[in-house]
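Reading through the structure tokens given below for one structure.
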Amino acid sequence: MEILLDGKLLAEKMDAEFALRVEKIRKNGLPVKLTAILVGNDPASETYVRMKGKRCNKLGMGSETINLPEETTQQQLLELIDKLNKDKETTGILTQLPLPKHINEQTILEAIDPSKDVDCFHPYNVGRLSIGSPVFLPATPAGIIALLERYGAILAGKRAVVIGRSNIVGKPVSMLLLSKNCTVTVCHSKTADLPGVVREGDIVVAAVGKAEMVRGDWIKPGAWVVDVGTNKLEDGRQVGDVAFDEAKEVAYAISPVPKGVGPMTITMLMENTIRSAELRANF
């Protein structure tokens, strides 16, 4: 390993850039604010929302968390979203997932004004991404691309292998890599000879949710490896989808878990919230 793709360090550098953009918006007397909706008391969700609020405050952005009880009805949540869609002070809205089982997530995501959809989950924004004309970039995939490019990866013409086809990471990051002129292969549970396919990748993005599934001998010497997975072992250790100690002996660059993709996800969410404010201000 020549390069550690340190997301925490990069996020701090990008925060300095974002703070200047926020200052410019504020000097013009315009709002930039992220409003997060949290339904229920899921500990992980509470932690994520708290982290997002802290980052907003660090950048000088407005932030609000609306905590709703577990028994909140779908209609009540839709009415709240409608109110936030019309609120001129709110430039970004996110509904922290997962939602309680009695609420249809897709219905809720589609209710958010696409111009305030900073998670980039609304079908309008997903569609814009798919045709190569995005308004916002989904946070985790955008964070992956930023990690690669800011640390010096040349993407054009390279073979990229994405392990995982989720709507949140696998599919959108494959579209972003394609937009960077990579030749992209998306792998999944039915992929034949998965190790052999992964070995072809100059760039490997692992987003499958299985602890240390990707072994060192799956990695092409000199590859750039981005590990999106976050898995907790019985002994309490947090590991990714890639066997880090094995892979780092082969890869040219690799992201750690934690402090790799995670900090970048929040960073790109901030970027989307700022961009929403800039678009409204015609900057």
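FYI, it's all coordinate maths here, none of it is from the lab. As the structure is a prediction and not an experimental result, all values here were calculated from the model. No Cβ is skipped: glycine too gets one built from the backbone with ideal geometry, and neighbour counts run over all protein chains shown.
In terms of the ratio Rg/(2.2 N^0.38 Å) built on C-alpha atoms, what value belongs to the chain?
Working it through for the chain, the quotient is 1.01.
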request  = Using only the Cα atoms, work out Rg/Rh for segment 1-61, with Rh taken as the Kirkwood radius, to two decimals.
outcome  = 1.09
request  = Report the net charge of residues surrounding Met213, where surrounding means a beta-carbon distance below 12 angstrom and charges are Lys +1, Arg +1, Asp -1, Glu -1.
outcome  = -2
task = Mind checking segment 153-190 for trypsin sites (Lys or Arg not before Pro) that DSSP puts in a loop (not H, G, I, E or B) and that have at most 13 other Cβ atoms within 10 Å?
result = Lys190
query = Stretched out fully, how many nm does the piece from Met51 to Leu20 gain, at 0.36 nm a residue minus the Cα gap?
reply = 9.1 nm
key: Cross-link partners of Lys259 among lysines (Cα-Cα below 17 Å; sequence separation of 8 or more within a chain)   = Lys8, Lys13, Lys52, Lys54, Lys232, Lys248
ask   = Going from the alpha-carbon gyration tensor of segment 28-115, what semi-axes, largest first and in whole Å, does one get by taking the root of 5 times each eigenvalue?
value = 22, 17, 9
request  = May I ask what percent, to the nearest 5, of DSSP beta bridges between residues of the chain are antiparallel?
outcome  = 5 percent
note = For segment 46-61, in residue order, the Karplus 3J(HN,Hα) values (coefficients 6.51, -1.76, 1.60; θ = phi - 60°; whole Hz; Gly and Pro = x) are 4, 5, 4, 5, 4, 4, 5, x, 5, 5, 4, 4, 4, 8, x, 8
key: Neighbourhood charge, 14 Å Cβ-Cβ cut-off, centred on Asn85 and excluding it, Lys, Arg +1 and Asp, Glu -1   = -1
ask   = Based on the Cβ-Cβ distance from Glu2 to Lys259, what FRET efficiency comes out when R0 is 22 Å, to the nearest 0.05?
value = 0.75
task = For Lys180, go through the aspartates and glutamates and keep the ones whose alpha-carbon is under 12 Å away, minus same-chain ones fewer than eight residues off.
result = Glu149
request  = Just round it to a whole percent: the fraction of Cα-Cα distances in segment 1-156 exceeding 26 Å.
outcome  = 34 percent
Total formal charge among the other residues, if their Cβ is under 13 angstrom from that of Val49, Lys/Arg +1 and Asp/Glu -1 = 0
ask   = Using a basic spin-label model with each label point 7 Å from the Cα along Cα→Cβ, how many nm lie between Lys86 and Asp235?
value = 5.7 nm
message = Loop-only trypsin sites (Lys or Arg not before Pro) in segment 20-96, please: DSSP not H, G, I, E or B, and at most 15 other Cβ atoms within 10 Å.
response = Lys88
ask   = Say we join alpha carbon atoms closer than 10 Å with springs in a Gaussian network model of the chain; which of His188, His122, His102 then has the biggest fluctuation?
value = His102
task = May I have the extent of the alpha carbons of segment 139-261 along their three principal axes, as whole Å values ordered from largest to smallest?
result = 41, 30, 28
query = Could you give the nm distance between label points at Tyr124 and Thr65, where each point is 7 Å from its Cα heading toward the beta carbon?
reply = 2.9 nm
